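For reference, the structure is listed below as structure tokens.
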Amino acid sequence: MTEPNLTVTLGDLNLQNPIMTASGTFGYAKEFESYIDLNRLGGIIVKGLSLEPSKGNPPPRIVETPCGMLNAIGLENVGIDAFIHDKLPFLEKLIPPTIANIYGKTIEEYALLAQRMEPLEAVKGLEVNISCPNVKEGGIVFGSDPVLAHEVVKRVRKETTKHLMVKLSPNVTDIVQMAKAAEDAGADSLSVINTITGMAVDLSTRRPKLANITGGLSGPAIKPVALRMVWQTANAVKIPVVGVGGIMNAKDALEFMMVGATAVQVGTANFIDPQSTMMIIDGMTDWLKKEGVEDVKSLIGTLAVDD
């Protein structure tokens, strides 16, 4: 059998394979240069960016949990100016498309970030992190209110012609409602899901293990929830869905595609083994060969369920 076709398409984005990096787990790509061939990736999503540099939350801000980890990094980042001047020159030399993850505390901040990104040819898309509190609305998280989510996505859409991916929060009652709000506002794709809010306790000190008390749970522990939400979302919208949450190997990635994801993001696995993305790409190729599948796209949304 010839080599299977791994290419997938997210709207106007052509990926050489479905394996992307999850924002916040891969830095700005250069950090992994000595571990993997970055040019083999399907896409690179960089660490979340804000208008100004952010130091994030005080430590401790990462703690291991059964089958996963909690993080309360607080979206530490270099800020958009340093990203453009110091990080982007390296990224623009790579083959995989670079997608910039952006976040703000107000709708205006999201809009300004999109404006700054628009003329940057090396940035092929934006991933909008709506799991942030809106300071003008009393701290209501953009991603937990469909009206707010629609407003921020619509505003970003007005400021950019780039591929617009919206990262949905799982900390909602109805993920489909949020997905449709983002789609209606002009999103080109959806990444599902962000981390699940959780906490860990130190019994000996009787204190939270995280200085922030709560943090985002990721890793294999959230995979069943992510699979369910990807399946629900993919069956409710017409735009592509990117699966995120607990993908540790090729089997996991293929399961997400089977429930409807067009591509996937690998996150926590990068902390465990920096070569995880390469192993997943190789494992996916091997599985497709073994099963006689010529094109990975033929698996998307093929989950068999009873009527």
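Observations on the model:
- Any hit, the range 33-46, residues being small (Gly, Ala, Ser), over 18 Å from the mean Cα position of the chain (by Cα) and surrounded by fewer than 14 Cβ atoms within 10 Å (Cβ to Cβ): yes
- Per-region count, the range 159-170, residues under 26 Å from residue 112 (Cβ atoms) and either under 15 Å from the mean Cα position of the chain (by Cα) or among the hydrophobic types (A, V, I, L, M, F, W, C) (or both): 7
- Some residue of the range 226-249 being modelled with pLDDT under 95 and among the aliphatic types (A, V, I, L, M): no
- Residue among 32, 83 that alone is more than 20 Å from residue 126 (Cβ to Cβ), among the hydrophobic types (A, V, I, L, M, F, W, C) and at pLDDT 95 or above: 32
- Qualifying residue in the range 241-248 (condition: under 16 Å from residue 4 (Cβ atoms) and assigned to a loop (DSSP other than H, G, I, E, B)): no
- Scope the range 270-307; condition within 21 Å of residue 231 (Cβ to Cβ) and among the small types (Gly, Ala, Ser); matching residues: 298, 301, 304
- Taken over the range 214-245, the residue count meeting the criterion of being hydroxyl-bearing (Ser, Thr, Tyr), out of contact with any helix residue (DSSP H, G or I) (no Cβ under 8 Å at 6 or more places or on another chain) and buried (at least 24 other Cβ atoms within 10 Å of the Cβ) is 1.
- Residue-level check: of (1) surrounded by 15 or more Cβ atoms within 10 Å (Cβ to Cβ); (2) out of contact with any Lys or Arg (no Cβ under 7 Å at 6 or more places or on another chain); (3) among the aromatic types (Phe, Trp, Tyr), residue 28 misses just (2).
- Residue match in the range 123-145 (condition: among the acidic types (Asp, Glu), modelled with pLDDT of 95 or more and within 17 Å of residue 10 (Cα to Cα)): yes
- Every condition in (1) in contact with an Asp or Glu (Cβ under 9 Å, 6 or more places away or on another chain); (2) within 28 Å of residue 31 (Cβ to Cβ) holds for residue 230 except the one numbered (1).
- Selected residue (only one of 221, 261 is part of a helix (DSSP H, G or I), in contact with a strand residue (DSSP E or B) (Cβ under 9 Å, 6 or more places away or on another chain) and among the small types (Gly, Ala, Ser)): 221
- Counted residues, the range 91-145 - those being loosely packed, with under 15 Cβ neighbours inside 10 Å, among the hydrophobic types (A, V, I, L, M, F, W, C) and touching a residue at least 24 places away in the same chain (Cβ under 8 Å): 2
- All of 149, 187, 211 fail the test of being within 21 Å of residue 112 (Cα to Cα) and part of a loop (DSSP other than H, G, I, E, B), apart from 187.
- Considering only residues in the range 63-74 that are touching a residue at least 60 places away in the same chain (Cβ under 8 Å) and either within 21 Å of residue 109 (Cβ to Cβ) or touching a strand residue (DSSP E or B) at 6+ places or on another chain (Cβ under 9 Å) (or both), the one that is surrounded by the most Cβ atoms within 10 Å (Cβ to Cβ) turns out to be 70.
The values are calculated or read from the model by the stated rules, or taken from the named source; none is laboratory data. What you see is a predicted model; the values in this text were computed from it and never measured. All Cβ positions, even for glycine, are placed from backbone atoms using ideal geometry, and neighbour counts span all protein chains on display.
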